[in-house]
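The values are calculated or read from the model by the stated rules, or taken from the named source; none is laboratory data. Predicted model only: the values in this text are computed from it and were never measured. Reconstructed Cβ throughout: ideal geometry from the backbone, glycine too, with neighbour counts over all protein chains shown. Please note that ligands, DNA and RNA were not included when accessible areas were found on the heavy atoms of the full protein model with its side chains. Shrake-Rupley method; radii C 1.70, N 1.55, O 1.52, S 1.80 Å.
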Amino acid sequence: MFKGIARTKWLLIAAALVLALLCELLLFNGKALLTLGKEWTALPEPTVSDNMAEGKPAYVGFYELDREFRWLHLLAEVRSAQGQTVPTELTVYLSDEGHKEYYKAGSLSYTGEHDKGSYFRINSYGKIYGLRIQAEAPEAGSSVKLFCAEIDGSIPFRVSVPRICGIWVLLLLLYGLRPSSGLYDNRVWNRRPWGKAVCVLLLLLLELGTLFTLAKSSGSMVKIPEEPRWRHHQQYARLARALAEGKTWIDDETDAPALELLGQMENPYDYAARRALFQEKQLSAPWDTAYYNGHLYVYFGVVPVLLAYLPYHLLTGGDLPTWCLAAAAAFFVVLSAFLCMRAVVRRYFPKTPFPVYLLFCLLLGNATGVLYFALEPSFYLVPAYFALGLALCALALWLSAARRWALEQGAPLPAAEAEACCFREPSRGKRPGGIGLRILSGSLCAALVAGCRPQFLVFSALALPIFLPLIRRKRGAALLGRALLFTMPYLAVALPLMYYNAVRFASPFDFGANYNLTTNDMPHRGWNWARLPDGIWAYLLRTPDLRLQYPYFFPSATNPVYMGKTVAEPMFGGVLLICPFLWSLSGLGRARAALRGKRAWLLTLLPLGLSLIVLAADTEMAGILWRYTADFLALLYLPAAFVYLSLLENCGPRGRKRLLAFLLAAALLTLLSCLLISISSGSIQSRAPESYYRLKDLLSWG
């Protein structure tokens, strides 16, 4: 019997490998199969009109062809004014039997260094009489050179071993995590507890490698140009140097001319006036930096500087590379997600299958902003990642304290047998300890959020539904002591921050955002409820722009109905539509009774309300920017997880299979969407085209 089981497993592994090979040949090398055995025919000498030196498009024309063909191999090279190979936008125009005049057949991004992207399928109306290709000029002083133009030949096979291995592993995972899989039985895992530890460790190592690889491959922020317009990306490093010298402002002698101009302005926060004045004087204006009383300040949270930049500067004398810290902070978010979901499962849903726990950790860690911006590790993300990681750590510690507190009060352990629980329960005779330390540590994490990104302070409100059911049962000095442990970290963090603010802006409650030099006149922006409908639509409900062309997700211009000054960047769609797992929130009504029974109903509803508050605050105070979705996504994923786990715990066998299938599909689609949006949203195509097209080879078919 055991030999038969072993033989079946090997057959499944082999079958998955065969399917991966077939996918590689039929899907990713489909063009090569369709053109197998053909030979290329060179096109006649083209007519080239190169106006790129003037910043205008260049044209390559093939006329009097009078032939029918389906495949075009074009090998060209576009160079910038500095002589570097750069991508361009190609537009193909045809004249054929159905169109005497030239018409646009299509357009695509192109670089000569990406050979696979040099083969195009031409779909004409019969014979082609003329072919004209337009190449956009990336900048004035560019040039184009054509090396090869041929038709109807055999496209070479390009077999990707990493892609085959990835598909193979994915197929094995899909089979292993199918709804009827025995891996959802916790008793299987609990017979070998080390297996769970190995799985978690492997996933964390994979996350660490992936985040650092994506961050470094982008090239966008790995080496920030030494140009004035990029100085705002170095302001955390500049603040570390200033603090080491005992200063709170970041300007130096190189900023003196700019500060002098700002001081002469009636309103230095007027973007149009500031831009005109600095252009007239041929100077670069400070950007995204607070200007107050003749100095420049960093209005972003100071905690990342105190925890990372300043120690690094004091130890080495240099500046901590922001891209490294952004990747490390992103991994901190993922690690915090594992801790937070573990605490949620142990406190409320002990019978959660271990694979479900892992999928939730990947979603909460990656789909709340980390993977969206993995290819753009800018300093803007550092305070947000620190804040999100600290907030999730705070929840994990508070939930762990609440669980131990409940056991201390004699609350019954879950009815499930110990071997059926996702994580082992302590023995009934053992008195739980460490409650005060967990409360203190959780509050410290939550308080430090104020010095990172204040929007995440709303997570502190979740302490109310976590501890309120326990406070009602406890009175006296012990309760007072734990209340002091909860509040002391907030005071310990608030007082230095208030002093820091008062020293800079003469007010303990002013973080400096209103003095920001940006497109908005922040002191006059104010709060206008008319902006809110645009924010709700863009952040939550807008349909994504999906195409069959790589990278499949494309940003769409935001056209507010608000008649006034606002900030609205292109967006990728509402998160309720592009994050399928959030559809679990539709089961809120069905899960209500079960969540009330677990005293988790308020903990499910409150994050939803808090997410709307954060969304409204971002819309009103800053505008509609894609990176601000990271401010509230975790507040949507947490209640969605509560609803899903409650439904999973109380459904029958058929409903359980449907829910498991939904989670697996939603997790894969969401993570893939995050990666594709990361490719599309950053500057990787222009600043690191080799990485952009390497990912295109990996993720595009044909």
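Before moving on, here are some points about what is shown:
- Residue, modelled with the lowest pLDDT, within the stretch 552-588, restricted to residues that are aromatic (F, W, Y) and outside any helix (DSSP H, G or I): Y562
- Checking each residue in the stretch 167-195 for being assigned to a helix (DSSP H, G or I), open to solvent by less than 70 Å² (accessible area, probe 1.4 Å) and closer than 30 Å to L375 by Cα picks out I167, L171, L172, L174.
- Listing of helices (runs of 4 or more DSSP H) fully contained in the stretch 589-702 that carry 1 or more residues being touching a Lys or Arg at 6+ places or on another chain (Cβ under 6 Å) and either open to solvent by less than 10 Å² (accessible area, probe 1.4 Å) or not acidic (D, E) (or both): 601-621, 689-699
- Scope the stretch 168-226; condition of a type outside the set (A, V, I, L, M, F, W, C) and touching a Gly at 6+ places or on another chain (Cβ under 8 Å); matching residues: E207, S218, S220
- Residue within the stretch 302-319 that is part of a loop (DSSP other than H, G, I, E, B), open to solvent by less than 40 Å² (accessible area, probe 1.4 Å) and within 30 Å of E266 (Cα to Cα) present: yes
- Taken over the stretch 258-272, the residue count meeting the criterion of being over 35 Å from the mean Cα position of the chain (by Cα) and either charged (D, E, K, R) or open to solvent by less than 60 Å² (accessible area, probe 1.4 Å) (or both) is 8.
- The residue that is farthest from the chain's Cα centre (by Cα), counting only those in the stretch 95-115 that are modelled with pLDDT of 90 or more and not in a strand (DSSP E or B), is E97.
- Exclusive hit being in a helix (DSSP H, G or I), free of Cβ contacts under 8 Å to residues at least 24 places away in the same chain and closer than 30 Å to L307 by Cβ, set L211, L202, L239: L202
- Members of the stretch 132-155 that are assigned to a loop (DSSP other than H, G, I, E, B) and in contact with a Ser or Thr (Cβ under 9 Å, 6 or more places away or on another chain): E136, A137, P138, E139, G141, S142, D152, G153, S154, I155
- Residue that is nearest to M522 (Cα to Cα), among those in the stretch 459-480 that are part of a helix (DSSP H, G or I) and open to solvent by 30 Å² or more (accessible area, probe 1.4 Å): A461
- Qualifying residue in the stretch 494-517 (condition: among the polar types (S, T, N, Q) and assigned to a helix (DSSP H, G or I)): yes
- The stretch 520-541 - residue that is open to solvent by less than 40 Å² (accessible area, probe 1.4 Å) and at pLDDT 85 or above and, of those, nearest to A272 (Cα to Cα): R531
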